[in-house]
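Peer 1: Submitted below is the structure of interest, expressed as structure tokens.
No lab work stands behind these numbers, since they all come straight from the coordinates. Here the structure is a predicted model, which means the values were calculated and not measured. A quick note on method: Cβ atoms are made from the backbone with ideal geometry, for glycine too, and the neighbour counts reach across all protein chains shown.
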Ligand SMILES: [Fe+2]
Ligand SMILES: [Fe+2]
């Protein structure tokens with residue numbers, strides 16, 4: 001919400017150094033380059049808080065089991081734990097941790113939402129694995145629902161078919177075990193902050209700059 005004129009006149013003295021100023025334009029066509037220097041400061045701060053928001057959103061997966069033996073958060077943590085213990089690198093483990101983060105808001109295409117969140121920060125291969133994992137995971141249950149368990153074979157000739165199949169086989173389809181020694185979310189916080197530290201690609205940055 002834009003501040004009132006009164007606020008902008010009285011606030012500068014009381015603003016802390018950690019809080020950048022606010023703009024006063026009411027329509028973007030009236031904004032100036034200086035305004036967007038201010039907006040950029042806010043955007044930078046907001047971006048820095050992204051890993052925290054991701055971690056918070058993961059906690060929304062707690063509680064609901066969907067009928068499985070463990071809740072969605074435990075499943076996600078267990079998938080990441082298995083990947084980490086299997087020697088996968090931090091980026092892969094974070095992808096494993098987030099692969100079902102779309103469950104809350106994208107019930108019909110949860111893998112797409114997870115892939116979209118991760119896309120600026122991970123390799124094309126890891127992005128593809130996350131995006132397609134729902135179809136590959138179907139190999140383990142689609143036939144119980146009258147669906148084609150081999151739906152994944154539409155990607156048979158894809159260079160990363162085996163990688164996605166491996167993710168589901170080794171880490172995802174088997175992560176519903178209450179008795180597994182699953183790591184807590186806090187254990188993954190450092191690598192979530194590391195992977196989400198800087199996007200590799202974004203339309204909000206000129207190509208060739210960092
Ligand atoms: Fe999934
Ligand atoms: Fe999963």
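Peer 1: Looking at region 177-198 only, could you name the residues that are over 19 Å from the mean Cα position of the chain (by Cα) and either outside any loop (DSSP other than H, G, I, E, B) or in contact (Cβ under 8 Å) with a residue 24 or more places away in the chain (or both)? Spell out the reasoning first.
Peer 2: Quick first cut of region 177-198, residues over 19 Å from the mean Cα position of the chain (by Cα) only: 177-182.
177, 178, 180, 181, 182, listed by residue number.
Peer 1: Of everything in region 127-176, what is away from ligand 2 (no atom under 13 Å from the Cβ) and either at positive phi or in contact (Cβ under 8 Å) with a residue 40 or more places away in the chain (or both)? Give them in sequence order.
Peer 2: 146
Peer 1: Looking at residue 187 and the list (1) more than 18 Å from residue 61 (Cβ to Cβ); (2) surrounded by 13 or more Cβ atoms within 10 Å (Cβ to Cβ), which single condition is not satisfied?
Peer 2: (1)
Peer 1: Report, by residue number, each residue of region 16-27 that is free of Cβ contacts under 8 Å to residues at least 12 places away in the same chain and either loosely packed, with under 10 Cβ neighbours inside 10 Å or within 20 Å of residue 199 (Cα to Cα) (or both). Explain how you work it out, then say what you get.
Peer 2: Kept after step one, since they are free of Cβ contacts under 8 Å to residues at least 12 places away in the same chain, are these residues of region 16-27: 16-19, 27.
16, 17, 18, 27 - these are the residues of region 16-27 that are free of Cβ contacts under 8 Å to residues at least 12 places away in the same chain and either loosely packed, with under 10 Cβ neighbours inside 10 Å or within 20 Å of residue 199 (Cα to Cα) (or both).
Peer 1: Right, next: Name the residues in region 53-74 that are assigned to a helix (DSSP H, G or I), in contact (Cβ under 8 Å) with a residue 40 or more places away in the chain and surrounded by fewer than 15 Cβ atoms within 10 Å (Cβ to Cβ), would you? Break it down stepwise before answering.
Peer 2: Keep residues of region 53-74 that are assigned to a helix (DSSP H, G or I), which gives 53-59, 72-74.
Pick out the ones that are also in contact (Cβ under 8 Å) with a residue 40 or more places away in the chain and you get 54-55, 57-59, 73-74.
Correct list: 59 only.
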